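Below: one structure, written as structure tokens.
We did not get these values from a lab; they are worked out from the coordinates using the rules stated. In this text, all values refer to a predicted model and were calculated from it rather than measured experimentally. Because the Cβ atoms are built from the backbone with ideal geometry, glycine has one as well, and the counts that use them run over all protein chains shown.
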Amino acid sequence: MSLYPHLLAPLNLGHVTLPNRVLMGSMHTNLEETKDWNRVAEFYATRARGGVGLMVTGGMAPNREGGVFPGASGLFSPEDIANHRVVSGRVHEAGGRIAMQILHAGRYAYGPDCVAPSAIKSPISPFPPKELDEAGIEKQIADIATAAARAREAGYDGVEVMGSEGYFLNEFLVAHTNKRTDRWGGTAENRMRLPVEVVRRVRQAVGEDFILIYRISLIDLVPEGQSWDEVVTLARAIEGAGASILNTGIGWHEARIPTIATSVPRRAFAWVTKKLMGEVRIPIITSNRINTPEVAEAVLAEGCADMVSMARPFLADPEFVAKAAAGRAAEIAPCIACNQACLDHTFAGKISSCLVNPRACHETELKLDPVAKPKRLAVVGAGPAGLSAALALDTRGHEVTLFDKADALGGQLNLARQVPGKEEFHGLVDWFTTMVAKSGIAVKLGTEATAEALAEFDEVIVATGVRPRDPGIPGQRGANVLSYIDVLKGAVTGPRVAVVGAGGIGFDVAEYLTQAGDSPTLHLDEWLAEWGVADPGTARGGLAAPRAEPPAREVVLLQRKPEKPGRKLGKTTGWIHRATLQAKGVKMLGGVNYERIDDTGLHVSTGPDRSDPRLIPVDTVVLCAGQESERKLADALLAKGIFTHVIGGADLAAELDAKRAIDQGTRLAASI
Ligand code: NAP
Ligand code: SF4
């Protein structure tokens, strides 16, 4: 009997039976834009080999005006179709199935030619859309149907029509963006005419024996969103128009509520999909923050959906399904929902990858092939850089010894996981621990490796990390001053705290200090109330007034730069951290000089002329002033002429994060 009987059960769609209930959801990786079709094909084929039931490609534009940005990929020419055949062919060779997503971005298209039901600019784009006339609407429908026919010609097993997240089809559905008074707007029946007509025409274009997924917005999370009755009516009409599966979309991109970030509780929106179960006969897929086989199985066992969509977890581990099926779930590299290497890359125009798996989207370039002549290697430091290097070196067949002076693996990851909303880091440390235990790595914890003792190895990889920067503030040795390390290890602060430094760690510490009791990430009802998410059955679009719990402490967060604190946080997650702290009443001050600390608090002034001297009356000052490289060992090894590589924070402390550390560790291991 399988450990995951619901997840691994086949799904019969009539003309085809999927081997399990796992969909790899669509992700825009920017891979297609490289035009390296071998690389694109290898990305998907790797995941097909890992056993996923069905995959959906990144969004392909049906026409130029519907592209997410000018030049976005689509199927416009015979050459495009031939390129996509490379992808579908390689997936089929690997035993997988793949559907192409058709994404018309509507007013979210980042370009001057964008079109929409009404000429209303979105708050997340500088480009006002053109309102379509009747002929323009017909052209969009025809282009989407043509794209679907081309997808079939290109060898795909199906298409997904993107109807959620605030894109073109979704924009027609709600009064928020559709002010039309013709047959495409006004009443609910008119507003849903376009998506239903699109599905009808797509079905007509592709024939019966082709998978047609419609991604339906179940909870818009924007003002004037759809009512639940409208959602159910639409779902039934989409089924009637020929869809074979309904996939779930949660929230528009412009929503003020996070829907996939790490602080969103696991399976936070499965209850919304459950409301739709029984309303249609075709299978329904649930999604958002499902990242382990246990969670996916529970969601299906509880009748929340017929199938589960996971996207980012397949960047973290292409073998998610195969490992689950083999009873090796603890070996699945966990997606920690950080967005740091996937969505943050996508939005910066870079190729996506994954913080925990730098090989994602780099399968053809970053390889961990076995070595002909294994070496005896020492890795010093069991933080993310050292761990990833050690594991990758072991994979390649080297003989590896891993040292750390601490008694546990994980380094700074052990601090990150204390922060409310970063609970996923527990899973990452657990995964590293599992993988090291099953590897051939000799582990020496609680051991300070010296240059003398390391002389016996062929090469040494130093990953000794960072130490906190000394900001040199007069009075900082007082009993009322703590470092972030003390605080995250449990040191007690007073009720009023000043946090010196508003980088990633300053923000983390401010969240830690203002949170009273358990993290809301672990309590779905509390989290929904804090962010103002209501049952869409009672509130249009599922919106309610946010209700933040009172802060545990009064916190002031400071930096010297005269800019908005938090500007350098992740592109797709920084706003969540800022909103969380604002809701907790945290005051954020930029452009300050730290004059001194005494018993009364922190004395600051403003600007280069040190004007406006004043006291910030606090009980405790917490120093989060950045990091410096810990290079003592590296310098000693180099002085002795020992072959040494330096990685992670020990190499470069500035802007260090786990993404860079893991990437550098893996890439070094690939080169030794
Ligand atoms: P950081 O992001 O470099 O921030 C350091 C802070 O200290 C800045 O606010 C800086 O602002 C201040 N500072 C620098 N030198 C100072 C000095 N001499 N005296 C007083 N203040 C000083 O470093 P971090 O916060 O320690 O974070 C380390 C790394 O981990 C960063 O790369 C960060 O992005 C990453 N991280 C990321 C996340 C995340 O959520 N993605 C979370 C935690 C950490 P001023 O110079 O303006 O004063
Ligand atoms: Fe998940 Fe972070 Fe990897 Fe993206 S970068 S797939 S969010 S672990």
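Would you kindly state the longest site-free stretch of the chain, with sites defined as trypsin sites (Lys or Arg not before Pro) in a DSSP loop (not H, G, I, E, B) surrounded by at most 10 other Cβ atoms within 10 Å? After excluding every exposed loop site, the longest remaining stretch is 36-280. Taken over the alpha carbons of segment 308-402 as equal point scatterers, the Debye sum produces base-10 log I(q)/I(0) values at 0.17, 0.18, 0.21 Å⁻¹ of -0.89, -0.97, -1.16. Put a dot 7 Å past the Cα of Val492, heading toward its Cβ, do the same for Leu3, and the two dots end up 4.2 nm apart.
Once the cut-off is 28 Å, how many percent of the Cα-Cα pairs in segment 510-655 end up in the long-distance tail?
44 percent
The simple Förster model, with R0 at 56 Å and r as the Cβ-Cβ distance, assigns Arg85 and Asp525 a FRET efficiency of 0.70. Reported value for segment 11-332: 120 Å³ per residue, from the convex hull of its C-alpha atoms.
If the chain between Glu563 and Glu134 were fully stretched, how many nm would it gain, using 0.36 nm times the residue separation less the Cα-Cα distance?
149.7 nm
Here the label points at Ala188 and Ala583, each 7 Å from Cα along the C-beta direction, are separated by 2.9 nm in the simple model. Within the chain, DSSP assigns beta bridges of which about 20% are antiparallel (rounded to the nearest 5).
For the chain, the Kirkwood estimate of the hydrodynamic radius, built from every pair of different alpha carbons, is 26.6 Å.
The GluC sites (Glu not before Pro) of segment 344-402 include none that DSSP puts in a loop with a beta carbon having at most 10 other beta carbons within 10 Å. For the chain, the 222 nm mean residue ellipticity estimated from helices alone, with every DSSP H stretch of n ≥ 4 adding -39500 (n - 2.57) and the total spread over all residues, rounds to -9000 deg cm²/dmol. Spin-label pair Arg467-Asp599: with each label point 7 Å from Cα along the Cα-Cβ axis, the two points sit 3.1 nm from one another.
Most simply put, segment 11-332 has about 5% antiparallel DSSP beta bridges, counting only bridges with both residues inside it. Eigen-decomposition of the gyration tensor built on the alpha-carbon atoms of segment 445-484 gives equivalent ellipsoid semi-axes of 35, 11, 9 angstrom, largest listed first.
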